[in-house]
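Okay, so here's the structure we're looking at.
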Amino acid sequence: MGAKKSNNTNLAIQNAAMIDESALFNRVVDEHERLENEETPIWIILCASANRKKVEMMNMDLSGIAVAEYWTELPPKAVFEGED
């Protein structure tokens, strides 16, 4: 179990570093590349699955980074029809 926890911790550190680097790049683009008539740039990270609590804890929205989850399989038709 210790190795799995260590792997999860390492992955979390790598993800946090990627988010920090993306946020820095986003700020550089905003300051140096954005034209006067353009809105502040945003980044969208697409995930096959997302742990909402982890996403909230990273405060990525403060850096102009949004996380969206996409489906790898469609849910049952009833979900779209509001019957779920």
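Points to keep in mind about this one:
- Meets criteria (out of contact with any Pro (no Cβ under 9 Å at 6 or more places or on another chain), assigned to a strand (DSSP E or B) and either farther than 22 Å from Trp71 by Cα or modelled with pLDDT of 75 or more (or both)) for Ile44: yes
- Taken over region 26-47, the criterion of being in contact with a strand residue (DSSP E or B) (Cβ under 8 Å, 6 or more places away or on another chain) and surrounded by 12 or more Cβ atoms within 10 Å (Cβ to Cβ) is satisfied by Asn26, Ile42, Trp43, Ile45.
- Taken together, Ala16, Ala50 contain a single residue that is surrounded by 10 or more Cβ atoms within 10 Å (Cβ to Cβ), modelled with pLDDT under 75 and in a loop (DSSP other than H, G, I, E, B), which is Ala50.
The values are calculated or read from the model by the stated rules, or taken from the named source; none is laboratory data. In this text, all values refer to a predicted model and were calculated from it rather than measured experimentally. Quick reminder, even Gly has a Cβ in these numbers, built from the backbone with ideal geometry, and neighbours come from all protein chains shown.
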